[in-house]
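The values are calculated or read from the model by the stated rules, or taken from the named source; none is laboratory data. Source: prediction; values computed, not measured. Virtual Cβ from ideal backbone geometry, glycine too; neighbours counted across all protein chains shown.
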């Protein structure tokens, strides 16, 4: 377990647990995400500015591709084995959204807290 303490008088915070709970990476109390996927601008508890955090949608892309390939494979298997009506395949879209959105929220929270824990405020050139 990696714990972070940036000498602001707060106890150490385990970054992944704080991110999965959606808590501030500094104090562990404030909300990290202001909306479902929108990052808050500052922590209401300790005042940490979340401008350093770059958990953009491109970070969720690999997960979305893996989930998409799995859903297409299952839909293809269902079509070839059972030949269901076309409207049944609309359920795959709903299932994809129901699975991906909560996972993307958890991943985004964990990425922001790990970004803070590793002091990665600036990205390397060429990334």
Could you tell me which of the residues 45, 40 is surrounded by 12 or more Cβ atoms within 10 Å (Cβ to Cβ), at pLDDT below 85 and out of contact with any strand residue (DSSP E or B) (no Cβ under 8 Å at 6 or more places or on another chain)? 45
Take residue 81 and decide whether it is modelled with pLDDT of 80 or more and surrounded by 15 or more Cβ atoms within 10 Å (Cβ to Cβ). no
Which residue pairs have Cβ atoms under 8 Å apart, sit 6 or more places apart or on different chains, and have a first residue in the range 1-25 that is under 17 Å from residue 119 (Cα atoms) and a second that is exposed (fewer than 11 other Cβ atoms within 10 Å of the Cβ) and modelled with pLDDT of 60 or more? 5/11
